[in-house]
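J.: Supplied in structure tokens, the structure appears directly below.
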Amino acid sequence: MCGIVGYVGHRPALDVVLAGLRRLEYRGYDSAGVALPHSGGLAVERKAGALVNLEQRLDEIGRDTFTGTAGIGHTRWATHGPPTDRNAHPHRSGPADAGKTAVVHNGIIENYLPLRAELEALDIWAESDTDTEIAAHLVALAYAGRAADPSTKGDLPASVRSVALRLEGAFTLVVTHADEPDTIVAARRSSPLVLGLGEGETFLASDVAAFIEFTRNAVELGQDQVVTITRDGYDVTDFRGEPVAVSPFEVTWDLAAAEKGGHDYFMLKEIEEQPTAIADTLRGHLVDGRIVLDEQRLTDQDLRDVDKVFVVACGTAYHSGLLAKYAIEHWTRLPVEIEVASEFRYRDPVLDRSTLVVAISQSGETADTLEALRHAKDQKARVLAICNTNGAQIPRESDAVIYTHAGPEIGVAATKTFTAQVAANYLVGLALAQARGTKYPDEVVREFHELEAAPKAVETVLESLGEARALGQLLADSKAVLFLGRHVGYPVALEGALKLKELAYMHAEAFAAGELKHGPIALIEPGLPVIVVMPSPKGRAVLHSKLLSNIQEIKARGARTVVLAEAGDETVKPFADHLFELPPISTLLQPLVATVPLQVIAAEIARARGYDVDKPRNLAKSVTVE
Ligand code: F6R
């Protein structure tokens with residue numbers, strides 16, 4: 001989820017691009033770079049770290065070559081390759097056209113490995129570890145007339161279209177070429193791109209925040225479209241070159257709201273980004289019918305040798321780990337233990353080289369999880385990390401990695417990284433099932449495709465967020481809230497309670513509903529809100545009927561019941577004071593849809609109580625002390 005800016009106009013492009021990148025820094029901040037046409041060539045500079053590092057570097061080298069009125073820029077959130085100067089965007093072509101083409105990219109190009117091999121066969125070698133760089137080389141070849149279809153020679157939009165047609169995955173690609181200093185061309189598939197239309201100037205960006213200080217007239221690019229901008233306007237086609245009609249709109253948000261996608265808080269924006277976060281996390285992990293991990297230093301034989309799995313994590317990541325246990329045990333028949341990382345190493349867990357430890361961490365820097373990982377490695381266990389931050393310590397010290405491509409999470413409370421972690425956990429389960437043969441290859445593919453359909457179901461939930469907000473308002477004055485669930489609904493209940501505690505500073509407890517009679521039912525008093533996560537009546541009929549009894553027990557004692565149930569589940573209606581309907585989905589995937597309204601309810605209660613949803617008191621995004 002990187003930030004992208006492009007500009008052609010009458011102002012100094014470097015200033016416009018840097019100002020835009022500053023507004024987009026929340027989208028990525030592990031490196032930044034710019035490229036401007038200059039004297040028949042390109043002036044390019046890029047630097048690892050925050051944008052300020054790039055600005056300092058430009059001051060050091062002097063900005064004399066960065067004086068044009070067109071240019072592109074990028075802030076990166078690493079996907080392929082660690083966050084270094086070398087991997088920072090823009091990426092440029094090589095000897096094919098003397099480095100005259102530069103590209104910035106947001107997204108993931110899934111087929112970059114075969115494309116890179118194709119380039120290598122032409123003696124064109126990538127300088128970086130990124131998937132992006134191949135796009136620069138391919139555009140350069142097309143523009144030079146050296147691609148299979150030579151008709152793109154000297155035609156930048158046609159060159160970009162021909163390359164876009166060859167790319168699989170999600171991408172916004174923005175291209176500048178030294179021979180076309182007054183033109184920028186961009187292509188979009190499953191990744192955002194907006195145009196800003198000014199007087200004698202045109203902007204391109206990942207979102208409107210980058211340019212609304214200059215213009216409020218915008219155009220949202222559609223799926224599989226290519227746009228060519230000049231200072232006089234723009235031209236949009238599909239990937240085949242057919243003209244496409246677009247409708248300009250006026251941006252009414254102020255700058256602060258624009259950065260947050262029109263919301264008051266980043267967290268609310270991040271809740272809405274969950275379908276993309278899940279889809280991006282899954283992207284590229286099924287290759288030729290097989291599950292592949294991101295960085296794998298483990299062989300299939302290593303995975304076959306595993307006889308026990310430990311999952312270690314903290315907080316929200318731990319809750320996602322609880323779900324890993326359900327999936328991995330079910331799919332692989334391997335025993336799985338899950339433990340909060342801060343407890344793990346202090347109780348002498350039994351580990352050896354046949355143990356696989358799955359360490360889950362959004363930041364990749366959490367001290368408890370890192371120390372648990374090191375303890376596991378000392379005992380010769382293998383470690384697989386699930387992490388949202390490329391190049392962080394936890395993935396660096398692990399034997400294999402799956403990245404959750406959720407992009408940076410600004411809200412301190414984890415939301416999109418939770419659902420992305422759940423998706424990644426399931427990938428681990430499928431990778432193990434595949435290596436160990438506990439599922440047939442076609443079953444693995446089927447499970448993967450089912451997982452791929454989950455973002456659509458999450459979108460359905462997002463359409464009813466108004467109801468979740470209204471529920472939050474209704475519960476805002478409560479003293480405490482209890483959460484109940486069974487099976488995969490239990491970790492969802494735990495996560496719902498954690499969100500409420502950390503955001504709304506409200507007493508919240510989650511219980512496995514079966515435990516109710518063993519003590520917690522004493523807490524029920526008239527009017528106490530209890531949020532219940534119901535399983536599907538079809539998917540888990542036994543659990544459904546048990547939970548139905550639990551609701552009746554608490555209702556009989558005066559609890560105010562808020563029930564999350566599958567749409568069409570009539571049986572719960574008589575016992576639900578408030579009902580939130582979830583789209584039908586398979587058992588293991590239900591947490592992906594059920595967690596979303598709980599995140600919203602917690603945020604809404606916090607808002608109603610006047611708290612800062614993005615920065616809850618006493619909490620830090622990354623906890624680097626034990
Ligand atoms: C809760 C939350 C925390 C983190 C926990 C682990 O909303 O964000 O509970 O989940 O501190 O952090 P990471 O995943 O960075 O290891």
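J.: Using r as the Cβ-Cβ distance of Glu120 and Lys546, and R0 as 41 Å, what FRET efficiency do you calculate, to the nearest 0.05?
T.: Numbers: r = 59 Å, r/R0 = 1.44.
Between Glu120 and Lys546 the formula returns 0.10.
J.: Give me the net charge for the shell around Lys377: Cβ to Cβ below 13 angstrom, other residues only, Lys and Arg +1, Asp and Glu -1. Working shown, then result.
T.: Working: positive: Arg297, Arg345, Arg353, Arg374, Lys380, Arg382, Arg396; negative: Asp352, Glu371, Asp378, Glu397, Asp399.
Net charge around Lys377: +2.
J.: I'd like to know which of Met534, Leu547, Leu592 lies farthest towards the positive end of the charge dipole of the stretch 508-615, counting +1 on Cβ of Lys and Arg and -1 on Cβ of Asp and Glu.
T.: Checking the options against the dipole of the stretch 508-615, the answer is Leu547.
J.: Let me ask something else. Treating the beta-carbon of each Lys and Arg as +1 and of each Asp and Glu as -1, no other charges, what is the dipole magnitude of the stretch 466-608 about its Cα centre, to the nearest 20 debye? Numbers along the way, then the final one.
T.: Values: 14 positive and 14 negative charges, 38 e Å.
The calculation lands at about 180 debye.
J.: Tell me which residues come under 5 Å, amide H to amide H, from Val532 once H is placed; ignore anything under 5 positions away on its chain.
T.: HN-HN under 5 Å from Val532: Leu484, Val562, Val563, Leu564.
J.: Mean Kyte-Doolittle hydropathy of -1.0 or higher plus an axial Cα length of 24 Å or more: which whole DSSP H helices in the chain meet both?
T.: Helices meeting the span and hydropathy rule in the chain are 315-332, 416-436, 441-463, 590-608.
J.: Here is a follow-up. Using Cα pairs closer than 8 Å and at least 6 residues apart in sequence, work out the relative contact order for the chain, in percent.
T.: 11 percent.
J.: Something else about it: What order, most packed first, do the peptides 593-599, 15-21, 237-243 have when packing is the mean number of other Cβ atoms within 10 Å of each residue? Intermediate values should be presented prior to the final figure.
T.: Numbers: 593-599: 27.4, 15-21: 22.6, 237-243: 13.1.
For the peptides 593-599, 15-21, 237-243, the packing ranking is 593-599, 15-21, 237-243.
J.: Could I ask something else about it? Taking the Cα centre of the stretch 260-462 as the origin and placing charges on Cβ (Lys, Arg +1; Asp, Glu -1), which of Tyr265, Thr316, His449 is farthest toward the positive end of the dipole?
T.: Going by the Cα projections, it comes out as His449.
J.: Oh, and also: Do any of Lys47/Lys615; Lys456/Lys538; Lys269/Lys538 go past 31 Å between their Cα atoms, and which?
T.: Working: Lys47/Lys615 29 Å; Lys456/Lys538 20 Å; Lys269/Lys538 33 Å.
Beyond 31 Å between Cα atoms: Lys269/Lys538.
J.: Same structure, new question: Roughly what % antiparallel, to the nearest 5, for the DSSP beta bridges in the chain?
T.: Here the share of antiparallel DSSP bridges comes out near 60 percent.
J.: List the lysines whose Cα lies under 16 Å from the Cα of Lys377, skipping any in the same chain that are fewer than 8 positions away.
T.: Answer for Lys377, where 16 Å is the Cα cut-off: Lys308, listed by chain and number.
J.: If you don't mind, there's one more thing I want to ask. Going 7 Å from the Cα of Glu213 in the Cα-to-Cβ direction, what parts of the stretch 29-56 have a backbone nitrogen less than 18 Å from that spot?
T.: Zone members listed by number: 33-34, 51-56.
J.: Take every DSSP beta bridge with both residues inside the stretch 466-608 and express the antiparallel ones as a percent of the total, to the nearest 5.
T.: Working: 0 of 20 bridges.
Taking every DSSP beta bridge with both residues in the stretch 466-608, the antiparallel ones total about 0 percent.
J.: For the residue pair Ile61 and Asp307, what label-to-label distance in nm results when each label sits 7 Å from Cα along the Cα-to-beta-carbon direction?
T.: Between Ile61 and Asp307, the simple spin-label model gives 5.6 nm.
J.: How high is the relative contact order of the stretch 176-216? Use alpha-carbon pairs under 8 Å, at least six apart in sequence, and give a whole percent.
T.: Details: 37 pairs, mean separation 11.5, N = 41.
Once normalised by length, the contact order is 28 percent.
J.: Using 0.36 nm times the number of residues separating Thr252 and Asp378, minus their current alpha carbon distance, what extension gain do you get?
T.: On the way: separation 126, 0.36 × 126 = 45.36 nm, distance 5.63 nm.
Extending this stretch completely gives an extra 39.7 nm.
J.: While we're looking at this one, here's another question. Expressed as a whole percentage, what fraction of the accessible surface of the chain belongs to carbon and sulfur atoms when a 1.4 Å probe is rolled over the protein heavy atoms? Working shown, then result.
T.: Working: 11220 of 22970 Å².
Ligands and nucleic acids excluded, carbon and sulfur give 49 percent.
J.: Taking a virtual spin label 7 Å from the Cα of Arg290 along the C-beta vector, which residues in the stretch 71-114 bring their backbone nitrogen under 19 Å of it?
T.: 110-114
J.: At a Cα cut-off below 16 Å, give the lysines reachable from Lys573, other chains included and same-chain residues fewer than 8 away excluded.
T.: Lys546, Lys555
J.: May I ask for the net charge around Ala147, where only other residues with Cβ less than 14 Å from the Cβ of Ala147 are counted and Lys, Arg are +1 while Asp, Glu are -1?
T.: On the way: positive: Arg146, Lys153, Arg161, Arg166; negative: Asp97, Glu118, Asp149, Asp155.
Spelling it out: positives minus negatives among the neighbours equals 0.
The values are calculated or read from the model by the stated rules, or taken from the named source; none is laboratory data. Keep in mind that this is a model prediction, so the values were computed, not measured. We place every Cβ from the backbone using ideal geometry, glycine too, and count neighbours over all the protein chains shown. Calculation scope for accessible area: heavy atoms of the full protein, side chains included, ligands and nucleic acids excluded. Shrake-Rupley method; radii C 1.70, N 1.55, O 1.52, S 1.80 Å.
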